[in-house]
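What follows is a short report on a single structure.
The values are calculated or read from the model by the stated rules, or taken from the named source; none is laboratory data. None of the values given here were measured: they were computed from a predicted structure. So basically every Cβ, Gly included, is an ideal-geometry build from the backbone, and we count neighbours across all protein chains shown.
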Ligand code: GCO
């Protein structure tokens, strides 16, 4: 068996990374708008002010999606574009943009998967304490309500939040993502708990207000471990390593997924974080753990793990000169077999790969083509593994390549190109890369050609 007939073949983007029009259409500011203005925050002083100019070029972009043969597109909504202050006054112009975009997608046979929050938190709410404010989950529910009331007659697939590990961990702890904070462990955990509550309330809101039955998921980073060999010992080691939390950091998959899918924080994590934990009420866990339809997960790479002589999981060092992408992420296609497999075992939900792809140096050749054989090979290897997971009984719902087009790669600016479509940022000209054409052949065969 390969992928099911209704397998979702898509590509993903995020509002701040592609839309541009940062100061147009009565949009409010997000923490990324303000962070980009801080000297040295983003490489090269790049900003998302114009980005791919998708706000104005969305029709052309939908035609390119159609050319690639996508049957789904994962986009995110800019919260401050539709609620410039984060709550209260609604910006109709912002909602109109998403209306037009959704209509254009549907008219072209492409199913929108809407992510409510992909990091562009409203600046005005940040000034009120952001995710540390006890009202933040209600703010997010209010925003969800506005989206549901306007779009849920046509949008039936939602993802609440993207990668809390990054906007909480890197944004509040590492300082290199907006809002650029370096808070104490207690504050980071509080912000994280509030954002989990926001997820739960957002799901409740969608279930209440959705005009057509909708499917809802969540898209954390899938920090993945895979076994060094197929021995039972190594498999056990990789599974334990993937879900265990032994040091206080914000990356653990289980820290973010267990509350959402199992209604509790992982025991080992609670022990490690004990001295910094916020007050967690029993009702909180009920709010956070709402029934979901799929497990969305962003997987780019994994760690190779073996069982050592003392029966403890041990990370195997990379071989010298190991294969890497431009941003130094390891080529580890096994992550797309074992990640989904371990996640499916633990949470029992259909797996939707919400992001996977690679950064490269791509340019338009003399003959006008963009030749990116490494990306084709990367996608081929990873998709083959995902298909193998499907064959071995993992419920695989779909796959979104990151990204539809080259875009603003956060603190790295425009220096990393992840797209299936090349973007010339000076002229705005788009060119489908060889990988985009290749992806079409795979989609057309529903993965049989892999
Ligand atoms: C993330 C985000 C994307 C990135 C992509 C490449 O995972 O960081 O979801 O917005 O652009 O992952 O880093």
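Would you tally the residues in segment 250-271 being buried (at least 18 other Cβ atoms within 10 Å of the Cβ) and either part of a loop (DSSP other than H, G, I, E, B) or modelled with pLDDT of 95 or more (or both)?
Taking segment 250-271 and keeping what is buried (at least 18 other Cβ atoms within 10 Å of the Cβ), we get 250, 252-261, 265-266, 269.
When the remaining residues are screened for being either part of a loop (DSSP other than H, G, I, E, B) or modelled with pLDDT of 95 or more (or both), the result is 250, 252, 254-261, 265-266, 269.
Selection size over segment 250-271: 13.
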* Asked: Are any residues in segment 22-56 away from the ligand (no atom under 13 Å from the Cβ), under 22 Å from residue 219 (Cβ atoms) and part of a helix (DSSP H, G or I), and if so, which ones?
  -> 31, 35, 54
* Asked: Could you say which residue among 284, 293 is touching a residue at least 24 places away in the same chain (Cβ under 8 Å), closer than 24 Å to residue 198 by Cβ, more than 16 Å from the ligand (Cβ to nearest atom) and in a loop (DSSP other than H, G, I, E, B)?
  -> 293
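Looking at segment 363-383, which of its residues are part of a loop (DSSP other than H, G, I, E, B) and crowded, with 23+ Cβ neighbours inside 10 Å?
372
This table checks each residue for (1) surrounded by fewer than 16 Cβ atoms within 10 Å (Cβ to Cβ); (2) out of contact with any strand residue (DSSP E or B) (no Cβ under 9 Å at 6 or more places or on another chain); (3) at pLDDT 95 or above.
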site	(1), (2), (3)
77	no, no, yes
80	no, no, yes
88	yes, yes, yes
98	no, no, yes
102	no, no, yes
106	yes, no, yes
* Looking at (1) farther than 22 Å from residue 196 by Cβ; (2) touching a strand residue (DSSP E or B) at 6+ places or on another chain (Cβ under 9 Å); (3) in contact (Cβ under 8 Å) with a residue 60 or more places away in the chain; (4) assigned to a helix (DSSP H, G or I), which is the one condition that is false for residue 143? -> (1)
* Structure fact -> In segment 150-169, anything within 13 Å of the ligand (Cβ to nearest atom) and more than 17 Å from residue 123 (Cα to Cα) is listed as 159, 161, 162, 163, 164, 165, 166, 169
* Just checking, how many residues over segment 385-410 are within 12 Å of the ligand (Cβ to nearest atom) and buried (at least 21 other Cβ atoms within 10 Å of the Cβ)? -> 10
* Structure fact -> Among residues of segment 6-21 being touching a strand residue (DSSP E or B) at 6+ places or on another chain (Cβ under 8 Å) and in a loop (DSSP other than H, G, I, E, B), the residue nearest to residue 421 (Cα to Cα) is 13
